[in-house]
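The values are calculated or read from the model by the stated rules, or taken from the named source; none is laboratory data. Remember, predicted model here, so these are calculated numbers, not experimental data. In this analysis, Cβ positions are derived from the backbone assuming ideal geometry, glycine residues included, and neighbour counts consider all displayed protein chains.
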Amino acid sequence: MRILHVIGTFLPVRGGGPYYVHNLSTHLESKGHECRVVTTTVGGQADTETVPLTRSTAFEVGPAPIAPGFPVVLKRAIREFDPDVIHSNYPLPLYPDVAAVLSKFHSVPHVITCHGAFEMSWDNLVGAIGQVYNRTLLRVTLRLADRILVSNQNIVDEISLYQRYEDKLDVVPIGVDTEWFDPETTDGDPPFKIDDTKKTVLYAGAFRRYKSLDDLVRGFAQIVENHDVRLVLVGEGAKKADIESLVAKLGIEDSVVFPGFVSDEELRRAYAAADVFVLPSPTITESFGMVVMEAMAMGVPTVVTSGSGVGRVLDSEDAGVVVDPESPDQLADSIVRLVTDDEWYQKQADLGRTLVTERFAWTEIVDQNVAVYQQLLDDQF
């Protein structure tokens with residue numbers, strides 16, 4: 001089977017969407033399928049290209065890449081690659097819309113994975129664009145799509161936009177490469193100085209408003225004076241300066257580390273060196289949260305909020321500590337219990353590792369995607 005993946009940005013750009021497409025396509029190819037990714041030049045070339053790529057020249061406007069020639073590039077790729085299925089990705093606008101139109105023009109089944117929704121708010125320009133786009137062009141794209149995939153049912157429950165299309169919607173989780181994220185095969189130093197006298201609380205991701213890192217920092221400030229802990233915040237982003245200022249204001253600079261961007265190998269080592277992983281995102285804007293599953297695969301107990309996508313998934317499972325959104329006190333209490341209660345810590349570590357390996361390994365998830373593709377092809381004949 002030939003699958004053409006469409007996404008606005010790809011590696012080396014960091015983010016859930018690029019990693020999702022990278023992992024899905026490489027695992028599809030490992031099972032004998034043929035893949036190609038059509039994307040933009042934003043971010044440049046990755047150090048290692050494991051999947052054939054076609055890039056359309058683009059420039060950035062705010063958070064989005066703009067590629068005027070993308071329709072021509074995608075049309076050419078469809079003609080040359082002759083895919084059995086086109087699989088596009090949202091929430092970056094325009095790229096799945098172009099894929100939807102061209103898939104109909106070329107009579108190729110179109111699957112769209114919706115990673116949440118573009119920001120919708122009348123409070124700022126980006127949010128206003130999201131409001132207009134989601135109510136107009138995206139509705140046309142969803143109507144044209146043959147199948148719509150989401151990582152968890154909570155996205156549909158929370159975002160009314162998708163509810164009218166439930167008759168062609170499938171829940172297919174995002175997978176984790178459990179062979180790569182394996183504590184038994186990971187060695188080497190993490191991207192920060194090892195301190196055996198302190199427990200390490202780790203966050204990894206972008207410094208964005210919807211991540212609520214201020215809640216994590218305020219919660220951490222409550223426990224640092226009475227417990228030997230340090231907070232490692234991996235990543236970059238627009239809100240990093242604000243978080244650094246908050247750390248200074250709370251007087252906890254000596255206990256907070258900012259390693260910046262790290263490589264995939266360094267991130268794996270960071271998980272291995274962590275005692276607790278925390279993702280404080282309070283809303284479904286964090287539509288899933290792959291980093292949580294990666295940490296759990298590495299045997300690291302995790303703390304998340306019930307408002308995030310992964311939090312809503314874990315709320316129905318035994319694994320993972322789930323707290324109320326925007327609650328620094330609960331974050332602090334959960335961290336303290338994990339770093340002081342060895343039995344509870346080990347139970348959470350074991351439950352998390354088991355959940356990911358049994359339910360969220362890419363070897364399982366890729367088969368669910370193939371089943372969706374195959375059903376579309378069967379329906380054509």
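Do we find that LYS193 is basic (Lys, Arg), under 30 Å from VAL247 (Cβ atoms) and surrounded by 18 or more Cβ atoms within 10 Å (Cβ to Cβ) in this structure? No; evaluated as a whole, the condition is false for this residue.
Pull up the range 81-110, narrow it to residues that are free of Cβ contacts under 8 Å to residues at least 60 places away in the same chain, part of a helix (DSSP H, G or I) and touching a Lys or Arg at 6+ places or on another chain (Cβ under 9 Å), then point me to the one that is surrounded by the fewest Cβ atoms within 10 Å (Cβ to Cβ). Filtering the range 81-110 for residues that are free of Cβ contacts under 8 Å to residues at least 60 places away in the same chain, part of a helix (DSSP H, G or I) and touching a Lys or Arg at 6+ places or on another chain (Cβ under 9 Å), the one surrounded by the fewest Cβ atoms within 10 Å (Cβ to Cβ) comes out as PHE105. Among residues of the range 200-243 being among the small types (Gly, Ala, Ser) and surrounded by 20 or more Cβ atoms within 10 Å (Cβ to Cβ), the one that is farthest from MET290 (Cα to Cα) is ALA221. Where residues in the range 287-344 are charged (D, E, K, R) and touching a residue at least 40 places away in the same chain (Cβ under 8 Å), which of them is farthest from PRO173 (Cα to Cα)? Among those that are charged (D, E, K, R) and touching a residue at least 40 places away in the same chain (Cβ under 8 Å), it is ASP329. Only one entry of ILE66, ILE78 meets the criterion of being more than 28 Å from LEU169 (Cα to Cα) and in contact with a strand residue (DSSP E or B) (Cβ under 8 Å, 6 or more places away or on another chain), and that entry is ILE66. Apart from one condition, VAL156 fits all of (1) in contact (Cβ under 8 Å) with a residue 24 or more places away in the chain; (2) of a type in the set (A, V, I, L, M); (3) more than 23 Å from ALA332 (Cα to Cα); the exception is (1).
Check the range 357-374 and report whether any residue there is at pLDDT 95 or above, among the basic types (Lys, Arg) and outside any strand (DSSP E or B). Checked the range 357-374: no residue is at pLDDT 95 or above, among the basic types (Lys, Arg) and outside any strand (DSSP E or B).
Per-residue answers, yes or no, for (1) in contact with a Lys or Arg (Cβ under 7 Å, 6 or more places away or on another chain); (2) closer than 27 Å to THR26 by Cβ:
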| residue | (1), (2) |
| --- | --- |
| PRO328 | yes, no |
| LEU331 | no, no |
| THR354 | no, yes |
| THR357 | no, yes |
| PHE360 | no, yes |
| ILE365 | no, yes |
| LEU376 | yes, yes |
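Report whether or not THR39 is among the β-branched types (Val, Ile, Thr), in contact (Cβ under 8 Å) with a residue 12 or more places away in the chain, farther than 19 Å from SER151 by Cα and in a loop (DSSP other than H, G, I, E, B). Answer is no for this residue.
If a residue must be out of contact with any Ser or Thr (no Cβ under 8 Å at 6 or more places or on another chain) and hydrophobic (A, V, I, L, M, F, W, C), how many such residues does the range 258-274 contain?
Residues flagged as out of contact with any Ser or Thr (no Cβ under 8 Å at 6 or more places or on another chain) and hydrophobic (A, V, I, L, M, F, W, C) within the range 258-274 amount to 5.
Tell me, which helices (runs of 4 or more DSSP H) wholly within the range 203-321 include 2 or more residues that are at pLDDT below 95 and of a type in the set (Gly, Ala, Ser)?
309-314
Looking at THR50, THR26, THR9, can you tell me which residue is within 23 Å of PHE360 (Cβ to Cβ) and in a loop (DSSP other than H, G, I, E, B)? So that I can check it myself, show each step before the final result.
Details: THR26 fails: in a loop (DSSP other than H, G, I, E, B); THR9 fails: within 23 Å of PHE360 (Cβ to Cβ).
The conditions single out THR50.
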